[in-house]
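Here's the structure, in structure tokens; my notes come after.
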Amino acid sequence: MSNKINKVAITGGTHGNELTGVYLINKYKKNPDLVKREGFETVFMHTNVGAMEKCTRYVDKDLNRTFIKNDLANDMLYSYEDILAKNINAKLGPKGSEKTAVDFIVDLHSTTSDMGLSIVIDNDNKLTWQVVAYLKEIEPNLHIFRWKGDTKEVSFVNSITKDGFAIEVGPIPQGVLRADLFFETEKLVGYILDYFEKLNAGKLGKKYKTIEIYDHIKLLDFPRGEDGDINATVHPNLQDNGYFKLTKGDPLFVTLEGEIIKYKEDKEAYALFINEAAYYEKGFAMCLTEKKVIDI
Ligand SMILES: [Zn+2]
């Protein structure tokens, strides 16, 4: 935690149809001074150029589920994204090493659901949480989502380094560049770099002790018929609503015949990633979370 930051990586295009990150990296390529700060180096890169060219999420498989230590070491895995992941891991990592090539990764994403400006965090490291708390102080509307994952080991791009997170902004349709959220994302990246500059210069006034988060409870699938096909979708109350509070008896889904399926759990929850387009193939209609304040 007291160690200085030497190198930070900003990555975009991990999902090739999420254009905020793609174009922000393009902007940095043209104006590298935008990410220059005193006392450390910032590197930036497009991670999945093949998917960007096709404007699809991926070519063979989801790159943001590919950074699993055993898989990175497995020469028998050679899909487009498996090879990409090995190359990126060699450049920024290697994952699990005590001294990775970069100290912190910020991976840029967008979502079709109404998540506003959000951070998806998947580690419990002190530095990461201090950065997030700093951002939350500057941007009170920022939402913090602690992800527990759909794979055993966290397999995100930003899991290569001990510290880091993903920025998720939405709603943005796939393949669309949306101005307001582009500039919000750019601003947030700027604040992150400012934090490291202050950290290295010993100019950070305080340590943050607590933060409000949305903590992962579970991923919820759509209702399905016997054939496995979806037979209901997200109820209009939830559609276009981010961080939607659910209490027992609230409408949750509606069948294609118009029948309402209610939220039946006793425990209140907040739904997010509601009706995210990319999660249909994963079998998630939304993610249920618990709102809480945690010590950091
Ligand atoms: Zn993404």
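Per-residue answers, yes or no, for (1) in a helix (DSSP H, G or I); (2) closer than 21 Å to PRO173 by Cβ:
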{"site": "LYS4", "(1), (2)": "no, no"}
{"site": "ILE10", "(1), (2)": "no, no"}
{"site": "HIS15", "(1), (2)": "no, yes"}
{"site": "ASN26", "(1), (2)": "yes, yes"}
{"site": "VAL43", "(1), (2)": "no, no"}
Going through segment 1-30 in order, the residues found to be crowded, with 20+ Cβ neighbours inside 10 Å and farther than 28 Å from ASN125 by Cβ are GLY16, ASN17, LEU19
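Here is a yes/no grid of residues against (1) closer than 26 Å to PHE284 by Cα; (2) within 13 Å of the chain's Cα centre (by Cα):
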residue: ASN74; (1), (2): no, no
residue: ASN89; (1), (2): no, no
residue: GLY96; (1), (2): no, no
residue: ASN123; (1), (2): yes, yes
residue: PRO140; (1), (2): no, no
residue: PRO173; (1), (2): yes, no
Q) Condition test on THR112, is it open to solvent by 20 Å² or more (accessible area, probe 1.4 Å) and in the same structural domain as GLU186 (by TED's automatic domain parsing)? A) yes
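Residue-by-condition table, conditions (1) more than 16 Å from the ligand (Cβ to nearest atom); (2) assigned by TED's automatic domain parsing to the domain that holds GLY283:
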{"residue": "PRO171", "(1), (2)": "no, no"}
{"residue": "GLN174", "(1), (2)": "no, no"}
{"residue": "ALA179", "(1), (2)": "yes, no"}
{"residue": "LEU188", "(1), (2)": "no, no"}
{"residue": "LEU199", "(1), (2)": "yes, no"}
{"residue": "GLY202", "(1), (2)": "yes, no"}
{"residue": "ASP221", "(1), (2)": "yes, yes"}
{"residue": "GLY228", "(1), (2)": "yes, yes"}
{"residue": "VAL234", "(1), (2)": "yes, yes"}
Pairing a residue in segment 108-126 that is small (Gly, Ala, Ser) and more than 14 Å from the ligand (Cβ to nearest atom) with any residue that is modelled with pLDDT of 95 or more and in a strand (DSSP E or B), where Cβ atoms lie under 7 Å and the two sit 6 or more apart in sequence or on different chains, gives GLY116/HIS143
Just one listed residue, out of ASP60, ASP33, ASP82, ASP71, is under 22 Å from LYS152 (Cβ atoms), of a type in the set (Asp, Glu), open to solvent by 60 Å² or more (accessible area, probe 1.4 Å) and not in a strand (DSSP E or B), and it is ASP60
Inside segment 118-176, the number of residues satisfying the requirement of being more than 26 Å from LYS99 (Cβ to Cβ) and among the aromatic types (Phe, Trp, Tyr) is 1
Among strands (runs of 3 or more DSSP E) entirely inside segment 205-274, those with 2 or more residues being at negative phi, out of contact with any helix residue (DSSP H, G or I) (no Cβ under 9 Å at 6 or more places or on another chain) and exposed (fewer than 15 other Cβ atoms within 10 Å of the Cβ) are 260-262
By residue number, the members of segment 126-145 that are open to solvent by 10 Å² or more (accessible area, probe 1.4 Å) and touching a Ser or Thr at 6+ places or on another chain (Cβ under 8 Å) are HIS143
Counted residues in segment 158-176 being outside any strand (DSSP E or B) and either open to solvent by less than 10 Å² (accessible area, probe 1.4 Å) or not small (Gly, Ala, Ser) (or both) come to 9
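Yes/no matrix, rows are residues, columns are (1) over 19 Å from ALA9 (Cα atoms); (2) β-branched (Val, Ile, Thr):
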position	(1), (2)
GLU53	yes, no
ASP60	yes, no
LYS91	no, no
PRO94	no, no
ILE121	no, yes
LYS126	no, no
ASP150	yes, no
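The values are calculated or read from the model by the stated rules, or taken from the named source; none is laboratory data. Values in this document were obtained by computation on a predicted structure and should not be read as measured data. Reconstructed Cβ throughout: ideal geometry from the backbone, glycine too, with neighbour counts over all protein chains shown. SASA here: full protein model, heavy atoms, side chains in, ligands and nucleic acids out. Shrake-Rupley method; radii C 1.70, N 1.55, O 1.52, S 1.80 Å.
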